Amino acid sequence: MTTVAAYAVPAAKAPLERTTIERRAVGEHDILIDIAFSGICHSDIHQAHEGWGEAIFPMVPGHEIAGIVAEVGPGVTRYAVGDRVGVGCLVDSCRTCENCKAGLEQYCTNGNVGTYNSIGKDGEPTYGGYAQTIVVDENYVLRIPEGIGLDEAAPLLCAGVTTYSPLRHWNAGPGKKVAVVGLGGLGHMAVKLAHALGAEVTVLSQSLRKREDGLKLGADHYHATSDPKTFEELAGTFDLILSTVSAPLDFAAYLRLLRTDGALVNVGAPEEPISLSLFSVMDGRKTLAGSGIGGIPETQEMLDFCAAHGLGAEIEVIRADQINEAYERVLASDVRYRFVIDVSTI
């Protein structure tokens with residue numbers, strides 16, 4: 001075991017504090033990563049506040065991890081010391097179920113192991129990327145291509161693949177009209193990726209405050225959802241709507257924006273349950289769906305796609321002692337568009 005510095009949440013809704021945690025020794029197929037940057041995802045806040053249910057404390061959040069391989073186990077074949085690598089939302093899964101064998105580890109039927117707020121196969125809690133190092137099985141490590149800075153790459157490990165996966169699954173591309181609800185940490189990556197895939201992209205945001213940003217990121221159109229005329233003018237327009245917000249929506253209103261056989265896919269996860277009349281999906285054979293992060297192969301595909309198209313996250317790099325302030329700013333929607341912790345400051 002190795003002791004390393006980290007920032008942890010000691011109890012639900014408590015401020016993060018600098019502390020130390022234990023990392024396991026490097027095993028046969030393990031990789032020790034010196035973490036350079038760790039993104040702050042809104043899901044970190046949900047879990048630190050127990051918004052999604054009971055959590056494990058103390059908690060070291062962080063599942064958008066980018067760094068450098070510092071040590072490899074004797075059985076490691078995929079990576080070498082000095083490689084640029086990343087770790088996303090998963091650090092293990094059963095590896096034997098149908099989904100795991102298909103590269104859909106995020107849907108492991110026996111339960112995957114989250115990068116933090118989870119229990120590993122050794123029975124110990126997992127701790128995330130707000131720490132100096134992490135030890136991960138090589139099968140759950142991603143290669144970060146040259147051409148993407150480690151700081152801009154970190155948020156791709158969650159925000160990037162969480163939006164890339166549904167865009168690919170629902171065939172966003174030339175000839176398709178895609179709407180992105182919300183222009184935040186997830187939404188700004190959805191716009192970049194949908195544009196790079198060749199779709200016609202519309203941002204649906206509460207106001208026009210970020211319109212200039214949205215157009216620069218690749219949106220073709222930008223509309224304010226606070227204006228009732230938006231829902232009248234855009235009725236029956238979209239093949240795919242990707243909701244990236246964690247606030248509850250009037251889903252019936254958004255479903256009316258879809259064409260026949262269109263899909264409204266949620267990647268944001270509101271803490272409150274929703275109520276919906278099934279007539280909203282029956283009218284036009286529409287789909288209301290969800291999509292959860294991405295598997296390891298698809299995450300690597302996304303990283304390679306981003307490198308090929310010159311894509312990275314729009315970031316604000318902060319010191320570790322600014323994490324609590326950053327949490328408050330995320331809740332106030334005061335970030336463009338992802339906070340990334342410089343882990344060297346921990």
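Here are some notes:
- Highest-first arrangement of 265-275, 335-345, 156-166, where packing means the average Cβ count within 10 Å: 156-166, 335-345, 265-275
- Computed label-point distance, nm, for sites R95 and A5 using a 7 Å Cα→Cβ extension: 3.4
- Gain upon complete extension [D227, W52; 0.36 nm per residue less C-alpha separation]: 59.9 nm
- Between M282 and T345, full extension at 0.36 nm per residue minus the direct alpha carbon distance yields a gain of 17.4 nm.
- Sites matching trypsin sites (Lys or Arg not before Pro) across region 46-137 that sit in DSSP coil, with at most 15 neighbouring C-beta atoms within 10 Å: R78, R95, K121
- For region 1-136, a Kirkwood radius taken over Cα pairs fed into Stokes-Einstein (37 °C, viscosity 0.692 mPa s) yields D = 214 µm²/s.
- Helical content of the chain, expressed as a calculated mean residue ellipticity at 222 nm, amounts to -6000 deg cm²/dmol (DSSP H runs of 4 or more residues, -39,500 (n - 2.57) each, divided by residue number, nearest 500).
- Mean projected area of the Cα convex hull of region 43-114, taken over all directions, amounts to 6.4 nm².
- In plain terms, the residue of K216, K192, K286 with the fewest other Cβ atoms within 10 Å comes first and the most crowded comes last, giving K216, K286, K192.
- Whole-number D in µm² s⁻¹ for region 160-290, Kirkwood Cα-pair radius fed into Stokes-Einstein, 4 °C, 1.567 mPa s: 90
- Antiparallel DSSP beta bridges within the chain, percent to nearest 5: 55
- Distance distribution P(r), region 140-184, all Cα-Cα pairs, bin width 5 angstrom from 0: 5, 16, 23, 22, 16, 14, 4 percent.
- Per-residue extension of 0.36 nm, minus the Cα-Cα distance of N110 and I274, leaves a gain of 56.3 nm for this segment.
- Think of each Lys and Arg Cβ as +1 and each Asp and Glu Cβ as -1; about the Cα centre, that makes the dipole of region 160-290 roughly 300 debye.
- For region 1-61, applying the loop criterion from DSSP together with a ceiling of 12 other beta carbons within 10 Å to the trypsin sites (Lys or Arg not before Pro) yields K13.
- Model label zone, A80; criterion: amide N under 18 Å from point 7 Å along Cα-to-beta-carbon; scope region 14-55: 30-34
- Only one residue of L167, V72, G123 has its Cα farthest out toward the positive end of the dipole of the chain, where Lys and Arg carry +1 and Asp and Glu -1 on Cβ, and that residue is L167.
Read the figures in this text as sums done on the coordinates, not as results from a lab. Just so it is clear, the structure is predicted and the values come from calculations on it, not from any experiment. Virtual Cβ from ideal backbone geometry, glycine too; neighbours counted across all protein chains shown.
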